[in-house]
1. Where residues in the stretch 195-232 are among the small types (G, A, S) and part of a strand (DSSP E or B), which of them is nearest to the chain's Cα centre (by Cα)?
2. For the stretch 170-194, how many residues are part of a helix (DSSP H, G or I) and out of contact with any Gly (no Cβ under 6 Å at 6 or more places or on another chain)?
3. Among the listed residues L20, L80, identify the single one that is in the same structural domain as V197 (by TED's automatic domain parsing), under 24 Å from L142 (Cβ atoms) and in contact with a Leu (Cβ under 6 Å, 6 or more places away or on another chain).
4. Could you list, in sequence order, the residues of the stretch 80-95 that are outside any loop (DSSP other than H, G, I, E, B) and touching an Asp or Glu at 6+ places or on another chain (Cβ under 8 Å)?
5. Given the options G107, G78, G34, name the one that is more than 24 Å from the chain's Cα centre (by Cα) and closer than 19 Å to L177 by Cα.
6. Which pairs do you get when a residue that is touching a residue at least 24 places away in the same chain (Cβ under 8 Å), found in the stretch 227-243, comes within reach of a residue that is exposed (fewer than 11 other Cβ atoms within 10 Å of the Cβ) and assigned to a strand (DSSP E or B), reach meaning Cβ atoms under 6 angstrom, with the pair 6+ apart or on two chains?
7. Look through A75, A68, A88 and report the one residue that is within 28 Å of L35 (Cα to Cα) and in contact (Cβ under 8 Å) with a residue 24 or more places away in the chain.
8. Residues in the stretch 178-196 that are surrounded by 22 or more Cβ atoms within 10 Å (Cβ to Cβ) and hydrophobic (A, V, I, L, M, F, W, C): how many?
Amino acid sequence: MPPALVALELRKRYGSNEALQGVGLEVDAGELFGLLGPNGAGKSTLVKIACGLVRASGGEAFVCGHRAGSVEARASLGYLAELFRFPAWMSAHELLELHQRLARSDGGAAERTELLELVGLADAASVRIGEMSKGMQQRLGLAQALVGAPPLLVLDEPTSALDPAGRRIVRRLLLELKARGHSVLLNSHLLSEIELVCDRVAILSEGRLVTSGAPAELTRARGAEIETAGGVRTYEGVSREEVPGLVARLVGEGEEVFGVRVLSSTLEDTYLEAVGDPG
């Protein structure tokens, strides 16, 4: 299978502002991929280029092997915008039926029922959108993005307005979608969400890709805490590989060792180093 999304030296200029300055990245099939970066980093511009809503000033983007913006690329992609608005008078059932017509999906009532069950809205098929909570509307938005079973989902800040319980529900949904074989490009400001669900992460700053990799790869050891009979000792700068030798030395010197904890930087540390810590 081709990659779900490929960006090759993407550039976008709005007047004198360069929103993207040669960004290249790849989202593999079946991967949960997170986009991180401060406001103005270029994340939403990259998302809109992938969806065919904005034309790049330079470079290329491909969705499931098709040029971004083409009919084939649009058919391969489901999109949930950050600031989506659905007609308040529509029911969940009617909204999905509308999007089935727009996506030319022949799934019918069976697809609508399956999607509402997937997002936990099986009992809300006839509820008007205006009567739904923000969390219910967010889940309905995910359901509409899944109409027609697109292989790639592009989600722009899908949990930013939700409470912790709502974010947990969406996280579970994302993991379920991955299990079903969907690829997900997740644009978010919430580092904790990215760290919990994403296979890989890319950090953008001022229109440039500054670092990428698995969350675990973007952290590093920064020392160790060793609990001995004399108390807890902190050893700064010790790598994970050096810890066994350090423990062996302490035991050899007659120390009693009760516990060891390797200290590591967090994804937040890496993010702040990459984009600059305003504090």
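1. Top of the filtered list is A202.
2. Matching residues across the stretch 170-194 total 13.
3. One residue alone meets the criteria, L80.
4. Passing the criteria: only L80.
5. Matching residue, one of G107, G78, G34: G107.
6. E227/F258; E227/G259
7. Only one candidate qualifies: A75.
8. So the count comes out to 4.
The values are calculated or read from the model by the stated rules, or taken from the named source; none is laboratory data. Here the structure is a predicted model, which means the values were calculated and not measured. Cβ coordinates were reconstructed from backbone atoms using ideal geometry, including for glycine residues, and neighbour counts include every protein chain displayed.
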